[in-house]
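Student: Can you keep this structure in mind? I'll have questions shortly.
The values are calculated or read from the model by the stated rules, or taken from the named source; none is laboratory data. Note that the structure is a prediction, hence the values are computed from the model and not measured. Note that each Cβ is placed from the backbone with ideal geometry, even for glycine, and that neighbours are counted across all protein chains shown.
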Ligand code: UTP
């Protein structure tokens, strides 16, 4: 039965992790950027945790070459487990267990060539199947009191439409982002327009697409024939603009901080912000910053 005629539930989340991470070279030459550590866990673990907190049951990773460490991270390390057990390191063992999705809850597929985000999402089509799904860009770390994806799923339960998370950026920076135009629609924000990197002075708002989406499966049909767009890549935004002609899109305004950990400055800022919010590390980190005379 078509999902559009029955009340659908978001069970699956897609994590595209096949990008080359060129903005963070040389750190990302041999280590996937998603495995770089923010405070005490890899970037990808933070984002998987956000999805689990929102009730996601199946985690789909679109990987590429040199990304094997991500698959290993979400697997049991028998030798490590055994050594920790032998040494009675129960706390460390529990930490490993908490981070791990259950058996059969992860899937990995490969994007053989990095043809763009839209192409990476399309590579997940067989595993997602005919149901709406969440899409989380792992390098965009969302940090706030209310987890972003949870709020989006609550919103989806109300209207069953596609959703794009957005956040406010300074007016003079809108040309660097995907920007949406909005209008009130019931108790939610309907999207009237989506523009990728609008020319200066032409943006319909200062609300930028943040890297969290809920999309209906019809996006895959559009992506299947999507031409290459900006940067010679198959762009997700282009496909969403086409889908918006036949389906409703809503905006979810994320009330928190967003760090682009795929960039050196975003990564450093994320470590600082999450470190200062960490119950055990906040005080010593503050003291260390003070000693630097900042
Ligand atoms: P980015 O453009 O931020 O990632 O794509 P990138 O290409 O790895 O980074 P730079 O620009 O070279 O530094 C956003 C997300 O889409 C994924 C990336 O892994 C990232 O999570 N992506 C991008 C793919 O999975 N495949 C692609 O072909 C492109």
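Student: Take the residues in the range 138-151 that are assigned to a loop (DSSP other than H, G, I, E, B) and away from the ligand (no atom under 16 Å from the Cβ); name whichever of them is surrounded by the fewest Cβ atoms within 10 Å (Cβ to Cβ). Please lay out each step first, then the result.
Tutor: Of the residues in the range 138-151, the ones assigned to a loop (DSSP other than H, G, I, E, B) are 138-139, 144-147.
When the remaining residues are screened for being away from the ligand (no atom under 16 Å from the Cβ), the result is 144-147.
Details: 144: 13, 145: 6, 146: 11, 147: 20.
Within the range 138-151, the match that is surrounded by the fewest Cβ atoms within 10 Å (Cβ to Cβ) is 145.
Student: Where residues in the range 187-215 are touching a helix residue (DSSP H, G or I) at 6+ places or on another chain (Cβ under 7 Å) and away from the ligand (no atom under 16 Å from the Cβ), which of them is nearest to residue 170 (Cα to Cα)?
Tutor: 206
Student: When you look at residue 56, is it part of a loop (DSSP other than H, G, I, E, B), under 29 Å from residue 160 (Cα atoms) and touching a strand residue (DSSP E or B) at 6+ places or on another chain (Cβ under 9 Å), yes or no?
Tutor: Working: part of a loop (DSSP other than H, G, I, E, B): yes; under 29 Å from residue 160 (Cα atoms): yes; touching a strand residue (DSSP E or B) at 6+ places or on another chain (Cβ under 9 Å): yes.
So residue 56 fits the description; yes.
Student: Next question. If we keep just the residues of the range 158-185 that are touching a helix residue (DSSP H, G or I) at 6+ places or on another chain (Cβ under 7 Å) and farther than 17 Å from residue 235 by Cβ, which is surrounded by the most Cβ atoms within 10 Å (Cβ to Cβ)?
Tutor: The selected residue is 163.
Student: When you check residue 201 against the structure, is it more than 24 Å from residue 142 (Cβ to Cβ), at pLDDT below 95 and in contact with a strand residue (DSSP E or B) (Cβ under 8 Å, 6 or more places away or on another chain), yes or no? Spell out how you get there, then give the answer.
Tutor: On the way: more than 24 Å from residue 142 (Cβ to Cβ): yes; at pLDDT below 95: yes; in contact with a strand residue (DSSP E or B) (Cβ under 8 Å, 6 or more places away or on another chain): no.
No: the conditions fail for residue 201.
Student: Here is a follow-up. Given the condition in contact (Cβ under 8 Å) with a residue 12 or more places away in the chain, buried (at least 18 other Cβ atoms within 10 Å of the Cβ) and within 16 Å of the ligand (Cβ to nearest atom), answer yes or no: does some residue in the range 78-92 qualify?
Tutor: Kept after step one, since they are in contact (Cβ under 8 Å) with a residue 12 or more places away in the chain, are these residues of the range 78-92: 80-81, 84.
From what's left, buried (at least 18 other Cβ atoms within 10 Å of the Cβ): 84.
In the following step, the residues that additionally are within 16 Å of the ligand (Cβ to nearest atom) were identified as none.
Looking for residues that are in contact (Cβ under 8 Å) with a residue 12 or more places away in the chain, buried (at least 18 other Cβ atoms within 10 Å of the Cβ) and within 16 Å of the ligand (Cβ to nearest atom), one finds none in the range 78-92, hence no.
Student: For the range 106-128, what are the residues that are surrounded by fewer than 21 Cβ atoms within 10 Å (Cβ to Cβ), more than 24 Å from residue 258 (Cβ to Cβ) and out of contact with any strand residue (DSSP E or B) (no Cβ under 8 Å at 6 or more places or on another chain)? Even if it seems obvious, please write down each step before you answer.
Tutor: From the range 106-128, those surrounded by fewer than 21 Cβ atoms within 10 Å (Cβ to Cβ) are 106-110, 112-115, 125-127; that's our starting set.
Cutting the leftovers down to more than 24 Å from residue 258 (Cβ to Cβ) gives us 106-110, 112-113, 115, 125-127.
Across the range 106-128, the qualifying residues are 112, 113, 115, 125.
Student: From the residues in the range 1-22 that are more than 21 Å from residue 68 (Cβ to Cβ) and modelled with pLDDT of 90 or more, which one is nearest to the chain's Cα centre (by Cα)? Let's see the steps before the verdict.
Tutor: Just the residues of the range 1-22 that are more than 21 Å from residue 68 (Cβ to Cβ), to begin with: 1-12.
Then keep just the ones that are modelled with pLDDT of 90 or more; that gives 8-12.
Numbers: 8: 21, 9: 19, 10: 15, 11: 15, 12: 13 Å.
Selected residue: 12.
Student: Please go through the range 93-137 and give me each residue that is assigned to a loop (DSSP other than H, G, I, E, B) and within 14 Å of the ligand (Cβ to nearest atom), ordered by number.
Tutor: Passing the criteria: 111, 112, 113, 114, 115, 116, 123, 124, 137.
Student: Can you pull out the residues in the range 273-294 that are without any contact (Cβ under 8 Å) to a residue 60 or more places away in the chain and surrounded by 14 or more Cβ atoms within 10 Å (Cβ to Cβ)?
Tutor: We begin by selecting, within the range 273-294, every residue without any contact (Cβ under 8 Å) to a residue 60 or more places away in the chain; these are 276, 279-280, 282-294.
Passing the criteria: 276, 285.
Student: Next question, about the same structure. Mind listing just one residue for me: the one in the range 11-36 that is near the ligand (Cβ under 6 Å from one of its atoms), touching a strand residue (DSSP E or B) at 6+ places or on another chain (Cβ under 7 Å) and part of a loop (DSSP other than H, G, I, E, B) and, of those, nearest to residue 135 (Cα to Cα)?
Tutor: 17
Student: I would also like to ask the following. Which of the residues that make up the range 253-268 are more than 16 Å from the ligand (Cβ to nearest atom) and surrounded by 13 or more Cβ atoms within 10 Å (Cβ to Cβ)? Before the answer, list the steps.
Tutor: Looking only at the range 253-268, we keep the residues that are more than 16 Å from the ligand (Cβ to nearest atom), and these are 253-257.
Result: 253, 254, 256, 257.
Student: Anything in the range 77-105 that is in contact with a helix residue (DSSP H, G or I) (Cβ under 8 Å, 6 or more places away or on another chain) and under 19 Å from residue 49 (Cα atoms)? List them, or say none.
Tutor: 92, 93, 96, 99, 101
Student: Restricting to the range 74-86, and then to whatever is at pLDDT below 90 and part of a loop (DSSP other than H, G, I, E, B), can you tell me which residue is farthest from residue 47 (Cα to Cα)?
Tutor: Applying the filter and picking the extreme gives 77.
Student: To continue, here is another question. Just to be sure before I move on: is residue 154 more than 16 Å from the ligand (Cβ to nearest atom), in a helix (DSSP H, G or I) and loosely packed, with under 13 Cβ neighbours inside 10 Å in the structure I sent?
Tutor: Numbers: more than 16 Å from the ligand (Cβ to nearest atom): yes; in a helix (DSSP H, G or I): yes; loosely packed, with under 13 Cβ neighbours inside 10 Å: yes.
Judged against the criteria, residue 154 is a match.
Student: Tell me which of these residue 53 doesn't satisfy, since it passes every other one: (1) farther than 15 Å from residue 16 by Cβ; (2) touching a residue at least 60 places away in the same chain (Cβ under 8 Å); (3) crowded, with 16+ Cβ neighbours inside 10 Å.
Tutor: Status for residue 53: all satisfied but (3).
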